[in-house]
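Engineer: Following this message is one structure expressed as structure tokens.
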Amino acid sequence: MNTQDIIALDKKYYMNTFGDRMQVVFEYGSNSTLYDKEGKAYTDFLGGIAVNVLGYGHPALVEAVSAQLKKLIHCSNLFYIEAQAKLAQLLVQNSFGDRVFFANSGAEANEGAIKLARKYYWNMGMNKYEIITTDNSFHGRTLATLAATGQEKYQKPFQPMPEGFKTVPYNDLEALEKAIDDKTSAVMIELIQGEGGIIEAEYEYVKGLERLCREKGILLIIDEVQTGMGRTGRLFAYQHYGIQPDIITLAKGLGGGIPIGAIIAREPVASAFDPGSHGSTFGGNPLACSAGIAILSTILQEDLIDRCAKLGDYFKGKLNDLKDKYKFIKDVRGKGLMLGMELDPSVSGKDIVNLAFERGFIINCTGYNTLRFVPPLIITEKEINGLVCQLDSIFNDISEV
Ligand SMILES: Cc1ncc(COP(=O)(O)O)c(C=O)c1O
């Protein structure tokens, strides 16, 4: 089938939740490059939205998943699963946590974290169920995670939202303190808001947040679905702040493209889930966990975290050079290889995405007119230079219009 036939088929049979997508069908990928049906190459600075941390066709992932595929794809959680136990061990050994639960997506991991917080207090006979989240956040598309998401546009058509969620302004400790009451079980927060436009939590705010949670006896849940797995130049974003969360959630990069999500919690919070309180048919199956082991081991063994931090600094420096040159660039933000460039409203971020695409570069636009860069962690300096050079040329062209 050619590209136009596939698009026509999609338009007829697939639910139209994505509107008009980019007019392309990718056939295969290698390293950080995707190739479309016609053989055109695109350097990918989106990485499946922070998913393909090892790019495309990385031998460690392909070999681990292929080997597991031949042995055992799935088996029920009624039985013990070697890859599940091993990935849980690896995550615990490399984080604050004591125990792990596997889900299939970010929303599902967050949904589980919300349940865990409620169950923790329920076990103690306390009526603390409310979760405080922040404006402009994104926590998923299930009903509970939509209620947690601090963006009305996603919630409106699906009213009524489940009860027990409150949102407060981001980076505002006073507002948070005021919102806490005897019903509050947890604060759930992204340390860099990804979908919201690469907005970073300030250092003092996060320190204060941890302190408040301890003082008030409420749990701190960090949503690391986008920031986790080395993306920000540390394995997990909370490590930049020297804090100890109670729960973190992961997905996206954890499977490098094989769907998997995870909840990591410290004791005694983790053991609030007892037999029968939570579960998943697919969560933690052998195939997904074999991918997770390959991804995490490769990130650690190949020192991709340090590389991400250094390359991220380099990339951010280059984006800041563009900011010095073009007045319509309002801000450059982010850590590691999770970077954003906010444009003022005189320039359409969407148009820039399309122009970059025509020139063989994949980026996207999110939040308030913010270009987002979340490439595979194996992206090279040369590829970064390639993108920056094209952005420079595009910005130059539109400045002249
Ligand atoms: C911070 C954050 N949490 C949760 C989610 C939801 O993840 P998923 O789409 O895998 O359900 C996302 C997705 O973009 C995210 O960025």
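The values are calculated or read from the model by the stated rules, or taken from the named source; none is laboratory data. No experiment lies behind these values; they were computed from the predicted model shown. Positions of Cβ are generated from backbone atoms using ideal geometry, with glycine treated the same way; all protein chains shown enter the neighbour counts.
Condition check ((1) assigned by TED's automatic domain parsing to the domain that holds Ile222; (2) of a type outside the set (Lys, Arg); (3) more than 16 Å from the ligand (Cβ to nearest atom); (4) closer than 22 Å to Ala251 by Cβ) across all residues:
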{"residue": "Gln159", "(1), (2), (3), (4)": "yes, yes, yes, no"}
{"residue": "Pro162", "(1), (2), (3), (4)": "yes, yes, yes, yes"}
{"residue": "Phe165", "(1), (2), (3), (4)": "yes, yes, no, yes"}
{"residue": "Glu174", "(1), (2), (3), (4)": "yes, yes, yes, no"}
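Engineer: Can you find even one residue in the stretch 241-261 that is farther than 27 Å from Val65 by Cα, surrounded by fewer than 20 Cβ atoms within 10 Å (Cβ to Cβ), in contact with a helix residue (DSSP H, G or I) (Cβ under 8 Å, 6 or more places away or on another chain) and in contact (Cβ under 8 Å) with a residue 40 or more places away in the chain?
Structural biologist: Yes, the stretch 241-261 contains a residue that is farther than 27 Å from Val65 by Cα, surrounded by fewer than 20 Cβ atoms within 10 Å (Cβ to Cβ), in contact with a helix residue (DSSP H, G or I) (Cβ under 8 Å, 6 or more places away or on another chain) and in contact (Cβ under 8 Å) with a residue 40 or more places away in the chain.
Engineer: Now for a different question. Taking the stretch 175-217, which residues are within 26 Å of Lys330 (Cβ to Cβ) and among the charged types (D, E, K, R)?
Structural biologist: Hits for the stretch 175-217 are Glu190, Glu195, Glu200, Glu202, Glu204.
Engineer: For the list (1) closer than 20 Å to Ile299 by Cβ; (2) within 16 Å of the ligand (Cβ to nearest atom); (3) charged (D, E, K, R), I need the number of the one condition that Lys86 fails.
Structural biologist: (2)
Engineer: Does the stretch 356-387 hold any residues that are part of a helix (DSSP H, G or I) and surrounded by fewer than 18 Cβ atoms within 10 Å (Cβ to Cβ), and which are they?
Structural biologist: Phe357, Glu358, Glu381, Lys382, Asn385, Gly386
Engineer: Between a residue in the stretch 13-42 that is of a type in the set (Val, Ile, Thr) and any residue that is surrounded by 12 or more Cβ atoms within 10 Å (Cβ to Cβ) and part of a strand (DSSP E or B), which pairs come within a Cβ distance under 7 Å, given they are 6 or more apart or on different chains?
Structural biologist: Val24/Asp36; Val25/Asp36; Thr33/Ala41; Thr33/Tyr42; Thr33/Thr43; Thr33/Asp44
Engineer: Please work out which residue is nearest to Ile248 (Cα to Cα), limiting yourself to the stretch 207-225 and to residues that are touching a strand residue (DSSP E or B) at 6+ places or on another chain (Cβ under 7 Å) and part of a loop (DSSP other than H, G, I, E, B).
Structural biologist: Glu224
Engineer: Residues Lys128, Lys153: which one is on the phi < 0 side of the Ramachandran plot and in contact with a helix residue (DSSP H, G or I) (Cβ under 8 Å, 6 or more places away or on another chain)?
Structural biologist: Lys128
Engineer: Shifting gears a bit: Which members of the stretch 1-26 meet the condition of being within 21 Å of Phe357 (Cβ to Cβ) and basic (Lys, Arg)?
Structural biologist: Lys11, Arg21
Conditions (1) farther than 17 Å from Leu377 by Cβ; (2) of a type in the set (Ser, Thr, Tyr), marked per residue:
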position	(1), (2)
Gly279	yes, no
Leu311	no, no
Leu319	yes, no
Met338	no, no
Ser348	yes, yes
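Engineer: Contact list please: Cβ distance under 8 Å, first residue in the stretch 91-115 and in contact (Cβ under 8 Å) with a residue 60 or more places away in the chain, second residue away from the ligand (no atom under 12 Å from the Cβ) and of a type in the set (S, T, N, Q), pairs at least six apart or on different chains.
Structural biologist: From residues that are in contact (Cβ under 8 Å) with a residue 60 or more places away in the chain, the pairs are Phe96/Gln244; Arg99/Ser271; Phe102/Gln84; Phe102/Ser280; Ala103/Ser280; Asn104/Ser280; Glu108/Ser280; Lys115/Ser277.
Engineer: Of all the residues that make up the stretch 18-50, how many are among the β-branched types (Val, Ile, Thr) and not in a loop (DSSP other than H, G, I, E, B)?
Structural biologist: 3
Engineer: Across the stretch 16-51, what is the total count of residues that are within 16 Å of the ligand (Cβ to nearest atom) and among the β-branched types (Val, Ile, Thr)?
Structural biologist: Qualifying residue count, the stretch 16-51: 3.
Engineer: Sort out for me the helices (runs of 4 or more DSSP H) sitting completely within the stretch 78-181 that have 3 or more residues that are buried (at least 23 other Cβ atoms within 10 Å of the Cβ) and of a type outside the set (A, V, I, L, M).
Structural biologist: Passing ranges, in order: 106-123.
Engineer: Please state which one of Ile192, Ile221 is within 12 Å of the ligand (Cβ to nearest atom) and under 24 Å from Tyr368 (Cβ atoms).
Structural biologist: Going through Ile192, Ile221 in turn, just one is within 12 Å of the ligand (Cβ to nearest atom) and under 24 Å from Tyr368 (Cβ atoms): Ile192.
Engineer: Follow-up. Exactly one of these conditions fails for Ser290: (1) in contact with a strand residue (DSSP E or B) (Cβ under 7 Å, 6 or more places away or on another chain); (2) assigned to a helix (DSSP H, G or I); (3) assigned by TED's automatic domain parsing to the domain that holds Ala107; (4) not aliphatic (A, V, I, L, M). Give me its number.
Structural biologist: Result: Ser290 passes all but (1).
Engineer: So, of the residues in the stretch 212-234 that are of a type in the set (D, E, K, R), over 17 Å from Phe96 (Cα atoms) and free of Cβ contacts under 8 Å to residues at least 60 places away in the same chain, which turns out to be surrounded by the most Cβ atoms within 10 Å (Cβ to Cβ)?
Structural biologist: Among residues in the stretch 212-234 that are of a type in the set (D, E, K, R), over 17 Å from Phe96 (Cα atoms) and free of Cβ contacts under 8 Å to residues at least 60 places away in the same chain, the one surrounded by the most Cβ atoms within 10 Å (Cβ to Cβ) is Lys216.
Engineer: Of all the residues that make up the stretch 226-260, how many are closer than 16 Å to Ile189 by Cβ and in a helix (DSSP H, G or I)?
Structural biologist: Qualifying residue count, the stretch 226-260: 4.
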